[in-house]
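Note sheet for the following structure.
The values are calculated or read from the model by the stated rules, or taken from the named source; none is laboratory data. These numbers were taken from a predicted model, which means no experiment stands behind them. Here the Cβ positions follow ideal geometry from the backbone for every residue, glycine too, while neighbour counts run over all protein chains shown.
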Amino acid sequence: DAGVIQSPRHEVTEMGQEVTLRCKPISGHNSLFWYRQTMMRGLELLIYFNNNVPIDDSGMPEDRFSAKMPNASFSTLKIQPSEPRDSAVYFCASSFGRNDSPLHFGNGTRLTVT
Amino acid sequence: SQKIEQNSEALNIQEGKTATLTCNYTNYSPAYLQWYRQDPGRGPVFLLLIRENEKEKRKERLKVTFDTTLKQSLFHITASQPADSATYLCALPPGNTGKLIFGQGTTLQVKP
């Protein structure tokens, strides 16, 4: 099993540009999570999906952020327009089954907005 | 508001000693708590889960306790090794949902 795959690994962009982060969850997993990690705020949950349906997006900072899960094997997190304060490491995680199932994380996308 | 607190200062210990990390929470009554390990440049990796009706859980050199009265979990690594050096995060669900909220993590440094 390849694990959760995120791309790109690093992204550097200028303020105002659109950024799209991608995630392929582990095959068979039915829940998918997007987190953001910074030194100041730690690991913050942005949104999570269950069976491809967004369940809770209360952590999405503002309307500039959007996430989709068109099928069970792919999800995107889009920031438009990007701002320097969006600079962080964005993690995708997936899990299977019960609510208490452990999360399997990808290795993240390090986003730098200049 | 709901809050999870872990020691923000790094924990430095000598190889062979037992490391103890603390996770305190307020305004929660979680049904379970999970511990993860994170290495630099990598995503967190699940280590252990402990449920509210369990006092203690062990896995090899790891031991987790869960005191729902004190609202605290302790994470122990016995016979620590330099390879145990990492950041350790506790996580719990803010209600009966699939969400998982993480503490800031405690960085452990084991010196040879």
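Here is how the numbers come out for the structure above:
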quantity	calculated
Any hit, the range A:49-58, residues being small (Gly, Ala, Ser) and either surrounded by 14 or more Cβ atoms within 10 Å (Cβ to Cβ) or modelled with pLDDT of 95 or more (or both)	no
Odd one out for A:Arg36 among (1) assigned to a strand (DSSP E or B); (2) over 17 Å from A:Val4 (Cα atoms); (3) out of contact with any Ser or Thr (no Cβ under 6 Å at 6 or more places or on another chain); (4) at pLDDT 95 or above	(2)
Test: residue in the range B:50-64 that is polar (S, T, N, Q) and modelled with pLDDT of 95 or more	no
Candidates A:Arg110, A:Arg22, filtered to the one that is more than 9 Å from every other protein chain (Cβ to nearest Cβ) and under 16 Å from A:Pro8 (Cα atoms)	A:Arg22
Residues within the range B:70-112 that are aromatic (Phe, Trp, Tyr) and more than 14 Å from chain A (Cβ to nearest Cβ), tallied	1
Residues located in the range B:69-94, provided they are surrounded by 14 or more Cβ atoms within 10 Å (Cβ to Cβ) and assigned to a loop (DSSP other than H, G, I, E, B)	B:Lys71, B:Thr78, B:Ser80, B:Ser85, B:Pro93, B:Pro94
Filter result for B:Gly105 (in contact with a strand residue (DSSP E or B) (Cβ under 6 Å, 6 or more places away or on another chain) and on the phi > 0 side of the Ramachandran plot)	yes
Qualifying residue in the range A:60-74 (condition: touching a Lys or Arg at 6+ places or on another chain (Cβ under 8 Å), within 14 Å of chain B (Cβ to nearest Cβ), surrounded by 12 or more Cβ atoms within 10 Å (Cβ to Cβ) and among the aliphatic types (A, V, I, L, M))	no
Search result, residues across the range B:11-68 that are surrounded by fewer than 16 Cβ atoms within 10 Å (Cβ to Cβ), over 21 Å from A:Gly42 (Cα atoms) and within 14 Å of chain A (Cβ to nearest Cβ)	B:Ala31, B:Arg51, B:Glu52, B:Asn53, B:Glu54, B:Lys59
Unmet requirement for B:Cys23, which otherwise passes all of (1) touching a Cys at 6+ places or on another chain (Cβ under 7 Å); (2) under 20 Å from A:Phe105 (Cα atoms); (3) not small (Gly, Ala, Ser)	(2)
Among (1) in contact (Cβ under 8 Å) with a residue 12 or more places away in the chain; (2) facing another protein chain (nearest Cβ under 9 Å); (3) not in a loop (DSSP other than H, G, I, E, B), the one test that A:Ser101 misses	(3)
Selection within the range B:95-105 - surrounded by fewer than 16 Cβ atoms within 10 Å (Cβ to Cβ) and without any contact (Cβ under 8 Å) to a residue 12 or more places away in the chain	B:Gly95, B:Thr97
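Residue-wise test of (1) within 11 Å of chain B (Cβ to nearest Cβ); (2) within 15 Å of the chain's Cα centre (by Cα); (3) farther than 17 Å from B:Ile101 by Cβ; (4) touching a residue at least 60 places away in the same chain (Cβ under 8 Å).
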site: A:Thr13; (1), (2), (3), (4): no, no, yes, yes
site: A:Thr38; (1), (2), (3), (4): yes, yes, no, no
site: A:Gly42; (1), (2), (3), (4): yes, yes, no, no
site: A:Tyr48; (1), (2), (3), (4): yes, yes, no, no
site: A:Val53; (1), (2), (3), (4): no, yes, yes, no
